[in-house]
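Novice: Pasting in a structure now, in structure tokens, and then I'll have a few things to ask.
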Amino acid sequence: MPWIKWVDDDEADGEVAEIYAAWKRANPGRERMPEILKALSMRPELLRHMIALTYPVHFQDGHLSRRLKEAIATYVSALNRCEY
């Protein structure tokens with residue numbers, strides 16, 4: 001059970017449903033929104049901006065490859081005992 005109130009996929013409507021649908025179209029094979037993003041679902045304007053800001057930084061090659069960024073994120077999550 002999350003500590004932060006959020007909108008689940010099957011409860012999304014309006015702007016949140018649009019954001020969820022756009023994210024799923026951009027991430028084929030992912031049927032559910034990640035919980036880390038759902039944490040911002042009560043503020044859809046913030047959720048939209050967070051995705052727009054972070055996805056190009058995190059999920060495109062740049063100074064570091066996407067593969068290395070994912071490895072770092074996985075390692076940090078493990079250190080923090082984070083389920084994400």
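Throughout, read-outs are computed from the coordinates displayed, never taken from laboratory work. In this text, all values refer to a predicted model and were calculated from it rather than measured experimentally. For neighbour counting, all protein chains shown are included, and Cβ atoms are generated from backbone atoms with ideal geometry for every residue, glycine included.
Novice: Using the basic label-point model (7 angstrom from Cα toward the beta carbon), what is the Glu18 to Ala71 distance in nanometres?
Specialist: Computed distance between label sites Glu18 and Ala71 equals 4.0 nm.
Novice: With +1 on each Lys and Arg Cβ and -1 on each Asp and Glu Cβ, and nothing else charged, work out how big the dipole of region 9-79 is about its Cα centre, in Debye to the nearest 20.
Specialist: Computed about the Cα centre, the dipole is about 400 debye.
Novice: What percent do you get for the relative contact order of the chain when only Cα pairs under 8 Å and 6+ apart count?
Specialist: Worked out over the chain, it gives 25 percent.
Novice: So what's Rg/Rh here for the chain, counting alpha carbon atoms and using the Kirkwood radius for Rh?
Specialist: Expressed as Rg/Rh, it is 0.98.
Novice: Multiply the residue separation of Cys82 and Leu46 by 0.36 nm, subtract the distance between their alpha-carbon atoms, and state the gained length in nm to one decimal.
Specialist: Working it through step by step, the gained length comes to 10.7 nm.
Novice: Okay, next question. Taking the Cβ of Lys38 as the centre, find all other residues whose Cβ is under 11 Å away and add up their charges (Lys, Arg: +1; Asp, Glu: -1).
Specialist: -2
Novice: Moving on to the next point. Identify, among Leu64, His49, Trp3, the residue whose Cα sits farthest towards the positive end of the charge dipole of the chain, taking +1 on the Cβ of Lys and Arg and -1 on the Cβ of Asp and Glu, with the dipole about the Cα centre.
Specialist: It is Leu64.
Novice: Applying 1/(1 + (r/R0)^6) with R0 = 25 Å to the Cβ-Cβ distance of Trp3 and Val57, what FRET efficiency is obtained, to the nearest 0.05?
Specialist: So, using R0 = 25 Å, E works out to roughly 0.40.
Novice: Could you state the orientation-averaged shadow area of the convex hull built on the Cα atoms of region 39-84, in nm² to one decimal?
Specialist: In nm², the orientation-averaged hull projection of region 39-84 is 3.7.
Novice: Arrange the peptides 4-13, 35-44 so that the one whose residues have, on average, the most other Cβ atoms within 10 Å appears first.
Specialist: In decreasing order of mean packing, 4-13, 35-44 become 35-44, 4-13.
Novice: Helix check for the chain. Which DSSP H runs span at least 15 Å along their own axis by Cα, with a mean Kyte-Doolittle hydropathy no less than 0.0?
Specialist: Correct list, ordered by number: 44-59, 66-79.
Novice: So what is the calculated 222 nm ellipticity per residue for the chain, using -39500 (n - 2.57) for each DSSP H run with n of 4 or more, over all residues, to the nearest 500 deg cm²/dmol?
Specialist: Rounded to the nearest 500, the figure is -17500 deg cm²/dmol.
Novice: Setting aside same-chain residues fewer than 8 positions from Lys38, which lysines have a Cα under 18 Å from its Cα?
Specialist: Lys5, Lys24
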